[in-house]
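Structure first, then comments.
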Amino acid sequence: MRESFVSVFIFAVFLSGCSNDQGSDSSSTSTSGSDAEGFDPPPPAEGFTRFEAEAVRDVAPGADVTYCQYVMEPLDHDMDVLSVFGYQSQFGHHAAAFVYMPAAGEMPGANFPCMGAEFTGPPSDGGATTETGGTMGAFLGALGGEDGREPGTALPEGVGIRLPAGSGIMLNVHFLNAGEEMIDGDAVVDVQFAEPDPNRKLAAMFVNVNTQFALAPTTQTSSSADCVVQSDIDLIMMTNHMHEYGTSASTIVTRAEGGATEMLHEDPSWTFDMQFNAVYSRWSIDAPLQLRAGDTVRTTCNWDNGTSAEVNFPREMCVGVGFALVTGENPNAPVCYDGTWIGQGF
């Protein structure tokens with residue numbers, strides 16, 4: 001079984017990358033260990049802490065499974081995440097790291113099915129409630145795909161993501177077995193932590209999520225989600241996210257004042273690889289793209305379902321994904337979920 005290097009992102013979009021010649025000096029944190037057959041990732045780079053996903057056993061041919069795993073105890077003080085790397089075994093779709101607010105008394109080791117838990121519905125507390133009772137919050141980063149990847153795009157130098165006191169890390173691991181034999185799925189995620197620095201800028205994920213679509217068999221489909229901005233946002237990165245049925249996508253903003261329309265990010269020709277290696281539009285931290293209250297953000301996705309079965313969320317997705325500048329006092333960015341504005345999202 002081949003191991004897979006993949007770039008890291010916040011939601012299904014990538015933060016940073018690594019290569020097979022990394023250094024080996026690092027602290028390491030693990031659960032039950034990475035022991036899927038043939039899965040032997042290189043050691044973590046110096047300064048990174050490794051989290052080993054519990055192997056997902058006996059994934060049958062054609063099976064599409066996602067598990068959530070609580071892998072790090074809550075912190076006793078704020079920390080910043082500067083970078084995330086990782087590897088996944090064959091037929092891995094993604095392994096995503098989320099900030100996680102555990103239920104009382106819960107310890108690392110919880111492992112349960114959670115297909116679509118990244119966006120289970122508009123949560124009142126700003127995060128998806130998991131089956132264990134904890135809350136899945138900010139997206140820290142993820143790795144995805146089976147083949148080796150070149151380093152992906154990164155947040156700007158001097159920008160990090162805040163991991164608040166009282167939170168741990170939840171891994172969301174997804175495997176889609178396209179082979180003819182039973183497999184075990186595995187992943188490791190390497191995180192670079194740093195003490196908070198008042199000179200460091202902070203960013204968080206802003207998303208415009210559309211789950212209200214159905215891809216009819218052997219049919220081309222288009223669907224859009226409109227998000228009316230309720231508070232000002234300073235964007236530094238923007239992209240789109242779909243899966244393999246996608247053909248094109250775009251995210252635009254229509255200004256409340258004057259009605260002018262601006263393209264935030266367009267993917268005129270979607271490829272399978274783009275679900276793992278996102279292409280971003282970027283703005284500097286000194287001159288971010290400003291969304292103002294009353295503006296409308298629209299994400300439009302187009303698909304071609306050549307199969308004989310209807311396809312729905314989360315097997316396919318339609319998400320406009322951005323990174324917004326935030327503060328240490330309020331380290332979350334808003335989220336739009338099927339047109340509903342959630343002021344304290346990821």
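The values are calculated or read from the model by the stated rules, or taken from the named source; none is laboratory data. Bear in mind the structure is a predicted one, so any value in this text is a computation, not a measurement. With ideal geometry, Cβ positions are generated from the backbone for all residues, glycine too; neighbour counts draw on all protein chains shown.
Here Arg255 fulfils each of the conditions (1) of a type in the set (Lys, Arg); (2) surrounded by 14 or more Cβ atoms within 10 Å (Cβ to Cβ); (3) under 30 Å from Asp80 (Cα atoms) apart from (3). With respect to the stated conditions, Arg298 is at pLDDT 95 or above and among the charged types (D, E, K, R).
Is it the case that Ser248 is in contact with a Lys or Arg (Cβ under 9 Å, 6 or more places away or on another chain), surrounded by fewer than 20 Cβ atoms within 10 Å (Cβ to Cβ) and hydroxyl-bearing (Ser, Thr, Tyr)? So Ser248 fails the test.
Of all residues in segment 70-96, those satisfying the criterion of being at pLDDT 85 or above and aliphatic (A, V, I, L, M) are Val71, Met72, Leu75, Met79, Val81, Leu82. When the test is whether a residue is acidic (Asp, Glu) and surrounded by 21 or more Cβ atoms within 10 Å (Cβ to Cβ), Asp197 does not pass it. Number of residues in segment 285-325 that are crowded, with 23+ Cβ neighbours inside 10 Å, farther than 14 Å from Asp234 by Cα and in contact with a Phe, Trp or Tyr (Cβ under 9 Å, 6 or more places away or on another chain): the value is 6. Of the candidates Gly23, Gly33, Gly62, the single residue that is at pLDDT 85 or above and in a loop (DSSP other than H, G, I, E, B) is Gly62.
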